[in-house]
Amino acid sequence: APHTHTDYCAAMAAAAAAVLRVEGMVCGACVRTVSTALESVAGVSSARVSLANKQAAVQFDSDITSIALLCDAVEDCGFNVLPSSIPEIQRPSQKSTTVEGFCSNEEGRPRPAQPLPVGR
């Protein structure tokens, strides 16, 4: 069956991203282990792991998986996710610029993302 606009909107609604701070990685093999573990979680579309930054940037479908399951996958292969780094789910927005998980106004204070206008 052909994909419809509704299918596209439903797929985009579940798209989410998270950046996890991973402790314990010391080499390229560690990076591959964490990357493979994250990519094996159902619903994960990509996982980019950085040894230098000790971070894993994960794109996933929030209808299929959760940040808790991503953290479990990392911890199951012997690494730690810093609790303070565990983000709320970040959904892509066409209207706001996201920096480090927050939408900021001119004063630099977090503000809620603005909803897209309806019917324009």
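Nothing in this text is a laboratory measurement; each read-out follows from the coordinates by a stated rule. No experiment lies behind these values; they were computed from the predicted model shown. Here the Cβ positions follow ideal geometry from the backbone for every residue, glycine too, while neighbour counts run over all protein chains shown.
Note on residue 45 and residue 64: the model spin-label points, each 7 Å out from Cα along the C-beta direction, lie 1.0 nm apart. Per-residue extension of 0.36 nm, minus the Cα-Cα distance of residue 26 and residue 77, leaves a gain of 17.0 nm for this segment.
A protection proxy built from the mean count of other Cβ atoms within 10 Å ranks the segments 26-33, 65-72, 46-53, 14-21, most packed first, as 14-21, 65-72, 46-53, 26-33.
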